[in-house]
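Below is one structure, written out as structure tokens, with a few remarks after it.
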Amino acid sequence: MIREAEIVDAPAIYSLVSRNGAIKEWTRKEIEKIIGNHQDYYVLAAKQNEEVTGYAFAKCTWRKMYLMNIAVKREMRGQGIGKEMMRWLINRAKSQRLSKVYLEVRASNIPAVKMYESFSFKTKYVMPGLYQNEDGFIMYLSLSQNHPSRR
């Protein structure tokens with residue numbers, strides 16, 4: 001089940017963020033603040049049997065959505081959870097009449113890159129050394145065209 005995250009999800013999301021290592025500098029209080037800020041942020045929680053198995057953080061600004069972080073618990077990967085969260089985010093951006101969704105991803109994260117490409121994201125830039133001497137891709141999806149987010 002995927003839904004908007006609630007403050008009660010913050011401890012579990014914080015635990016996943018800490019294990020994922022993507023945004024180590026975030027504290028539990030900062031995550032609670034982001035979850036509570038419905039004007040600027042959209043936060044999803046994927047749950048299975050009341051356990052948070054994934055999350056997504058997106059920031060909306062300048063008529064664009066920036067995917068800050070999306071992650072699924074390691075043992076739950078490959079089950080379509082990330083793809084379903086991405087679909088939710090794209091549909092949310094469309095409903096808000098935003099023009100683009102953009103993100104950064106490690107060049108070596110082939111499963112994530114393939115997932116984004118399945119939604120018609122395009123690589124705009126290759127950023128050498130973006131992730132501690134590892135290249136990153138800046139990808140975007142223009143919402144003015146048809147794309148497979150409604151599959």
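The values are calculated or read from the model by the stated rules, or taken from the named source; none is laboratory data. Quick caveat, the model's predicted, so the values are computed rather than measured. All Cβ positions, even for glycine, are placed from backbone atoms using ideal geometry, and neighbour counts span all protein chains on display.
Does at least one position in the range 20-39 carry a residue that is among the charged types (D, E, K, R), at pLDDT 95 or above, in contact with a Phe, Trp or Tyr (Cβ under 8 Å, 6 or more places away or on another chain) and surrounded by 14 or more Cβ atoms within 10 Å (Cβ to Cβ)?
Within the range 20-39, not a single residue is among the charged types (D, E, K, R), at pLDDT 95 or above, in contact with a Phe, Trp or Tyr (Cβ under 8 Å, 6 or more places away or on another chain) and surrounded by 14 or more Cβ atoms within 10 Å (Cβ to Cβ).
Looking at 67, 130, 141, which is the one that is in contact with a His (Cβ under 7 Å, 6 or more places away or on another chain), surrounded by 14 or more Cβ atoms within 10 Å (Cβ to Cβ) and among the aliphatic types (A, V, I, L, M)? Spell out the reasoning first.
Details: 67 fails: in contact with a His (Cβ under 7 Å, 6 or more places away or on another chain); 130 fails: in contact with a His (Cβ under 7 Å, 6 or more places away or on another chain).
Going through 67, 130, 141 in turn, just one is in contact with a His (Cβ under 7 Å, 6 or more places away or on another chain), surrounded by 14 or more Cβ atoms within 10 Å (Cβ to Cβ) and among the aliphatic types (A, V, I, L, M): 141.
Among (1) part of a strand (DSSP E or B); (2) more than 20 Å from residue 124 (Cα to Cα), which single condition is residue 85 missing?
Of the numbered conditions (1) part of a strand (DSSP E or B); (2) more than 20 Å from residue 124 (Cα to Cα), the odd one out for residue 85 is (1).
With the checklist (1) out of contact with any helix residue (DSSP H, G or I) (no Cβ under 9 Å at 6 or more places or on another chain); (2) within 16 Å of residue 121 (Cα to Cα) in hand, flag the one item residue 65 doesn't pass.
(1)
Would you say residue 63 is in contact with a Phe, Trp or Tyr (Cβ under 7 Å, 6 or more places away or on another chain) and farther than 18 Å from residue 12 by Cβ? It would help to see each step written out before you state the result.
On the way: in contact with a Phe, Trp or Tyr (Cβ under 7 Å, 6 or more places away or on another chain): no; farther than 18 Å from residue 12 by Cβ: yes.
Judged against the criteria, residue 63 is not a match.
If you scan the range 39-81, which residues turn out to be farther than 17 Å from residue 1 by Cα, in a loop (DSSP other than H, G, I, E, B) and of a type in the set (Lys, Arg)?
Passing the criteria: only 63.
Using the structure shown, decide if residue 55 is buried (at least 18 other Cβ atoms within 10 Å of the Cβ) and modelled with pLDDT of 95 or more.
Details: buried (at least 18 other Cβ atoms within 10 Å of the Cβ): yes; modelled with pLDDT of 95 or more: yes.
So residue 55 passes the test.
Scan the range 78-100 and tell me whether some residue there is surrounded by 19 or more Cβ atoms within 10 Å (Cβ to Cβ) and free of Cβ contacts under 8 Å to residues at least 24 places away in the same chain.
no
Within the range 108-122, can one find any residue that is at pLDDT 95 or above, in a strand (DSSP E or B) and either at negative phi or basic (Lys, Arg) (or both)?
For the range 108-122, residues at pLDDT 95 or above, in a strand (DSSP E or B) and either at negative phi or basic (Lys, Arg) (or both): present.
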